[in-house]
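So the structure is just underneath, and the comments pick up after that.
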């Protein structure tokens, strides 16, 4: 019998193989992004619970607004966790990265407990849900858009650096007008970063799929989106929050 095959059959088999590969990639990507969002949302939830419980404790106000170094430890501890995760992620195990993420969310809750002494509970809840709606829309845009947002990355990062400098300056000036400008710019910057980071996290999946870095990549992606959400919420609260 001649060794012959119908080229149309071969083409169909290749098309089926490509289609199956694309379907597997899409399913893997959805699972990856869902894990990122689950970690991020769980971290925000943990932060909120810790903040509320700590704010209701008798010691919270004395620690956060009184003399002593403990309040500065609480304020700076989240930065320490972020630096360890950012610069040491390659040397950390996935389990260690997960533990650090939950530790970060916990100390952020202690740090953010102060908002319950400054703003009413109703305005905090309203701002939270407004932030959640905006975050969902912006992240969905970053996930679905065909436009390459990488060009905005450097601009947004430089904007955040400039924002930090302005905040440090205003610590001495105590200008209410500058504070409003900082809040407005902060909302815009972290809104842009939400879309940018979502697209960046999505693109990273291609490089980490099936590797040992996948679990740690999920943690770092969740951390990025967590920071975008919490910063957008904090800046937006200065507009929408009703002070006590």
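Computed from the coordinates by the stated procedures, all read-outs in this text should not be read as laboratory data. In this text, all values refer to a predicted model and were calculated from it rather than measured experimentally. Reconstructed Cβ throughout: ideal geometry from the backbone, glycine too, with neighbour counts over all protein chains shown.
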Legend entry - R0 of 35 Å, Cβ-Cβ distance residue 38-residue 73: FRET efficiency to nearest 0.05: 0.70
Legend entry - Three-way shape call for the stretch 60-132 based on the alpha-carbon gyration tensor, with the a/c threshold at 1.5: oblate
Inset, instruction - Divide by every residue of the chain the summed helix terms, -39500 (n - 2.57) for each DSSP H run of at least 4, and state the resulting mean residue ellipticity at 222 nm, rounded to the nearest 500 deg cm²/dmol. - result: -29500 deg cm²/dmol
Legend entry - Förster radius 35 Å - calculated FRET efficiency between residue 31 and residue 167, Cβ distance, rounded to 0.05: 0.35
Legend entry - Cβ-Cβ FRET estimate between residue 86 and residue 129, R0 fixed at 25 Å, reported to 0.05: 0.25
Inset, instruction - Find how much the distance from residue 174 to residue 99 grows on full extension, using 0.36 nm per residue of separation minus their present alpha carbon separation; answer in nm with one decimal. - result: 23.2 nm
Inset, instruction - Please give, to one decimal in nm, the separation of the simple spin-label points placed at residue 244 and residue 209, each 7 Å out from Cα toward the Cβ. - result: 5.0
Legend entry - Mean Cβ count within 10 Å, highest first, over the residues of peptides 43-52, 29-38, 174-183: 43-52, 29-38, 174-183
Legend entry - Correct choice for mean projected area of the Cα convex hull in nm² that was computed from the model, options (i) 17.7; (ii) 13.5; (iii) 12.0: (i)
Legend entry - Cα→Cβ-extended label distance, 7 Å offset, between residue 157 and residue 58, nm: 4.9
Inset, instruction - Order these peptides, 54-65, 187-198, by their mean beta-carbon neighbour count within 10 angstrom, highest first. - result: 187-198, 54-65
Inset, instruction - Obtain the nm distance between the two label points defined at residue 181 and residue 120 by a simple spin-label model: each point lies 7 Å from its Cα along the Cα-to-C-beta direction. - result: 3.1
